[in-house]
Each structure stands twice: as structure tokens, then as C-alpha cells.
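The values are calculated or read from the model by the stated rules, or taken from the named source; none is laboratory data. Treat the numbers as computed from the prediction; the structure is a model and nothing was measured. Calculation scope for accessible area: heavy atoms of the full protein, side chains included, ligands and nucleic acids excluded. Shrake-Rupley method; radii C 1.70, N 1.55, O 1.52, S 1.80 Å.
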Amino acid sequence: MPSAPLATAWSRVAAERARLADCRIVDLLAADPQRVARYSFDVAGLHADLSKHRLDEPARAALLALADAAELPRWRSALFAGEAINNSEGRPALHTALRDPDPAPIVVNGQDVKPTVAAMHRQIADIAEAVRAGSRTGATGQRFTRVVNLGIGGSYWGPALVLEALHGCATPDIEVDFISSVDPTPLQRLLARCDPARTLFLVSSKSFGTTETLYNYQAARTFMQAQLGDGADRHFIAITANPDKARGLGFADDAIVTFPDWVGGRYSVWSAIGLPAAIGIGAARFRELLDGAAAMDRHFQEAPAERNLPLLLGLLDVWYASFWGFGSRALLPYDQALRLLPTYVQQLAMESGGKGVDRDGQPVGYPTCPVVWGGNGNDGEHTFYQLLHQGPATIPTEFLVCTQDDAGLPGHRRRLVAQCLAQAEALLTGVEVPGNPHARCPGNRPSTTFLLPALTPPILGALLACHEHRTFTSAMVWRINPFDQFGVELGKRLASRIEQELGGASPHGAHDASTSTLLAACRLRLGG
Ligand code: F6P
């Protein structure tokens, strides 16, 4: 049950929301010459402008009081100290320890985790540099020119995003591919074009029990064995928190890289799961990515609440979802290199925040995580922005753009930045067209704008850590556990049962009429 102070703080925020029901953001901007400075932040290389929101000082104060009443400072200390705040699974969520440069011990189950983290990072760096240098070779002694990551969810999105965002500093000598889905086509197409003697597979799975990854692993292993015989072993590395399972599937100890089970899948890019990215960009740049995240960690821990960027972003997420009833928010990078950011944040935010019960298992009784969606902002202008500008729903929007002119194609970057700023302005001001209601844009649509001076490893690290801490902040105010994801399990269990039935096994029990009919139709087509 929420405490009395929390209920009081919640009511105060509700009163602020009622007071601001008819506010116009343009008026808030006009009324306060200091507003942009007051709501702008420069943190770890990121510039964020939060001034275009339906928020003023009394509302911000009420939200900060809500965070206090929810004991955010205490939970934040518990997060960094390695307390078992993932209460449903009885373990810490210590992704911050993976990038903490401070050697001071963090003790979990009587043991300092720092030596384990350091050893894991040494192992990642050694493998990455050996593959890049060509000193770690395949069965025929040839250097690897292709690395294929088999993994899904958190064992995919993080390294894929990092590599794509930092493609400019990735080695051109090694192609890194990602196969996630059990859809046979991507793997078949990849196997058809790869040179087995020069291909290294990374089998990335925290649990080493994820069906998609194991199917893809078995198919890749069969293919490689047919080409290289027993030498195929040299072409597979398992990355997991469950080494026993990897051993059970034939991996030798020296082909297994482990990471601790207190690293959540969607928080794992900083761990051995980041190896594909480390191979692409090199160990030193991977360390810079961690350093950028560590800088954001320090800011989140030390900055006063009213100047704390991830904390305020998390509170804005609560403000709009729980008090204004806005059911989604959009993430719109104006940079193709950040194409995967919305999907990465989808997993981070929605797998963490998509909960209907609090950490004690009681129904929360208010909306929690909104739908997070988005994509390349410039492409979005020609697909879904119509709805942002004129749809009946208000969708808080987040723009990101790099301001570094790479001088590749004259004028392009300037035009890209112009379009990004223009969209935020258009959402804010709207337009009245007398006599033409079809052309009217109501405006007053809130947005955040992030300016990135460049897409470098530390800036990317800080950005991703900012999203983690924002997710944590909103979860603490909602009183939910952001570190479990039981909701994904039922579908997996049912899929295993339906898979058997598609293969001819008699039904294990009744399905609903719709599922039975679909199953029968698929069975006919698959020749089940
Ligand atoms: O099904 C969801 C999930 O458990 C995610 O949380 C996780 O990132 C993904 O599957 C992959 O899990 P694993 O790394 O254990 O294969």
C-alpha cells in the first residue's frame, strides 16, 4: 500500500495537473525569460532542452516531492550499493557496477563484485583485440572477417545499437551481423554468403535457454560442422550467465564468457553481451562507452533533484502517463545511426515499466509505462507526423539530433537540424488557418530536444545510461519492480506446446476455438 506521505504527494501532483489543464506552453515560455535556462541541461556531453513541456515551477516542485515521498533517494542508493532491489527474483540489478571506475568494493552475497567485473572486461578486451588483430583465428588458421551474434532481446539490441551508432569508428575489416529471430530466412541468407573458415559465431544468451537463440545456434553449428568438422568448435563462443547450460550444449570452458546473473538482459550491453560491439569498435572505445555511462551514473547520484536530468525525465514520464493520461511517447532521432534507439528504449522502458502490480504484488490503480515508439525522425515526417500534429491524442515527443557537421555532403546536416528544430516548434505553436479547420494544428504538444555535439562512445554511453536511470526513476515512483519480466513467459510456454501440436503431437489440452482453428489451418500448410 502506498504510504500516507506518498498519497498526499500524489494528490498534490494531481492538483497541479488540474491547475495546468488549460496551460499553453508558449505562454509559459513567454512569461519567464529564464525558463529555457531553467529547464535546459548539459550533462556528460548531452544538451537537453525540457522547456517545451506542460510544466512550471510549482508542478516541478510537486513532482520532486512525489519522488521524495516514493523514497527515490533511498532506492537509488540501494541500486548502486547492490541491494537485492529486484525483489521478485531476489537479486540486485547492478549494471552500474559494470562501468564504475571506482575500485571501492560492492559486496553481493559476501563477495566483492568488482574483481569479477574487471576479469570479465579483461576477457572481453582480450577476445576483441585478438579477433581484430587476427591472432585469434579459425580452424584453418585464417583470421575472422565476419562475426555473427546469435541472440535476441537484450542479447541483441544493445550491441547492435552501439555498433550502428558508432559505425564511424568500427573496423572495416570485420563485418558484424546479428541474427535474432527464429525466422529461418535471415540465418539462411547469412549462411549462404559467409565463408565458414573466416566466420566466428557469438552465442549470446543470459539464460542460454532462449529458444530462438538455441535454434539458430544448432543450425549454425550443423552448418559449420559440415564445412569444418571438429574444427567448428573454434568458431563458437558462448556469452552467458548460465555456463552450465552452455557446457551442456558442448561448449568447452575456454569458449565460454560469463557475466553475473545480477545483470538484467536489457541492461546488459555493458557486460560480455557487448562483445560484438567491442570487436567492432575495439576495446579502448568500448571502455569509453562505459566511461560515458559512468559519468551519467555520477550525475544521477550526485546532482540535486531539480538539476538531475534522468530524474526529471523519469518524472515527466510519470506526469504525462499517470496524471495526463497520455498513452504513448515518441522517440525521434534525426540520425540514421540512432535508428535502433527507439527499439532499444522500447525494451528498456516497456519490459521494465509495463507492470500492473506494485513491488508487493498489489494492483497499482494508475497508468504506468506508456507505449514507447518512434523511428528516424526525418522519415517519420513523411509517415506518422501527421498524427503527432493533428491527431486527437497528445503524444509527448523526444527529438535527438547531432550538431557536428561532418561536412560529408554540403548543407545536409544543416537542413537535418533545421527540420528537427522546426518540428518541435510546429508541435509547440501549432497553426490557425481561418476558415479551414482541416489545416488547423492545435499545437501545445510537449517535446524534449536533445542536442548531441557528436556521436562518440562516451556520449552514446551517457545517453543510454540516462534512459536507464529515467526508467528506474519512473518505476520507483510507480512503486513497481523494473527488473523482472514475467509477462513474457506465458507466450513462450504456449508456443512450445503449439510447436509440438504443429508437428503432429495430439493436443495437450483444449485451446480456445480461434486458436484451434488457426492451428489446424497452419498444420495443413506446414504438412504437420
Ligand atoms: O523474453 C524476454 C527476454 O527474457 C528478455 O528479457 C531478454 O533480453 C531476452 O529474452 C533474451 O534472453 P536471453 O539473453 O536469456 O537469451
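Measure nothing fancy, just the Cα-based angle from helix 114-133's long axis to the longest principal axis of the chain, in degrees from 0 to 90, nearest 10.
The angle comes out at about 70 degrees.
Roughly how far apart, in whole Å, are the Cα centres of region 154-198 and region 451-528?
22 Å
Compute log10 of I(q)/I(0) for region 349-480 with the Debye formula, placing one identical point scatterer on every Cα and leaving out solvent, at q = 0.12, 0.18, 0.21 Å⁻¹, to two decimals.
-0.65, -1.11, -1.25
In bins 10 Å wide, starting from 0, what share of all Cα pairs of region 227-386 does each bin hold, as a percent?
Calculated over all Cα pairs of region 227-386, the distribution is 9, 23, 33, 23, 11, 3, 0 percent.
Using only Cα atoms, locate the centre of region 411-449 and the centre of region 332-390, then give the distance between them in Å, rounded to an integer.
21 Å
Let me have the relative contact order for region 229-352, percent, based on Cα pairs under 8 Å that are six or more residues apart.
Details: 63 pairs, mean separation 17.7, N = 124.
That works out to 14 percent.
Angle between the Cα long axis of helix 309-318 and the longest principal axis of the chain, 0 to 90 degrees, nearest 10?
Helix 309-318 sits at roughly 80 degrees to that axis.
How are the alpha carbon pair distances in the chain distributed across 10 Å bins from zero to the largest one, expressed in percent?
Histogramming the chain at 10 Å steps yields 3, 17, 26, 25, 18, 8, 2, 0 percent.
Taking the Cα atoms only, what angle lies between the long axis of helix 489-502 and the longest principal axis of the chain, rounded to 10 degrees?
Long axis of 489-502 versus the principal axis of the chain: about 40 degrees.
Report the antiparallel proportion of the DSSP beta bridges in the chain as a percent, rounded to a multiple of 5. Show your work: numbers first, answer last.
Numbers: 14 of 46 bridges.
The answer is about 30 percent antiparallel.
Using the C-alpha gyration tensor of region 377-436, what are the square roots of 5 times its eigenvalues, in whole angstrom, with the largest one first?
Numbers: eigenvalues 136, 33, 21 Å².
With the √(5λ) rule applied to region 377-436, the semi-axes are 26, 13, 10 Å.
In region 107-285, what percent of the accessible surface is made up of carbon and sulfur (1.4 Å probe, ligands and nucleic acids excluded)?
Details: 3370 of 7050 Å².
About 48 percent, which is the carbon plus sulfur part of the accessible surface.
Measuring from centroid to centroid over Cα atoms, what is the spacing of region 89-143 and region 392-410 in Å?
After rounding, the separation between the Cα centres reads 34 Å.
Check Asn87: other-chain or 5+ apart residues with amide H under 5 Å from its amide H, H built from backbone geometry?
none
From Cα coordinates alone, what are the radius of gyration and Dmax values for region 107-285 in angstrom?
Rg, Dmax (Cα atoms, Å): 15.2, 49.
With every protein chain left in place, what is the accessible area per residue of the chain in square angstrom, probe 1.4 Å?
Numbers: 22260 Å² over 528 residues.
Per-residue accessible area for the chain comes out at 42 Å².
Once you have the Cα-Cα distance between Asp32 and Asn87, take 0.36 nm times their residue separation minus that, and quote the gain in nm to one decimal. Each step should come with its number before you reach the end.
Numbers: separation 55, 0.36 × 55 = 19.80 nm, distance 4.39 nm.
The Asp32-Asn87 span can extend by a further 15.4 nm.
Pairs Lys114/Lys245; Lys245/Lys355; Lys52/Lys206: which exceed 32 Å Cα-Cα?
Lys52/Lys206
Considering only region 112-202, what is the antiparallel percent among its DSSP beta bridges, to the nearest 5?
Details: 1 of 10 bridges.
About 10 percent, rounded to the nearest 5.
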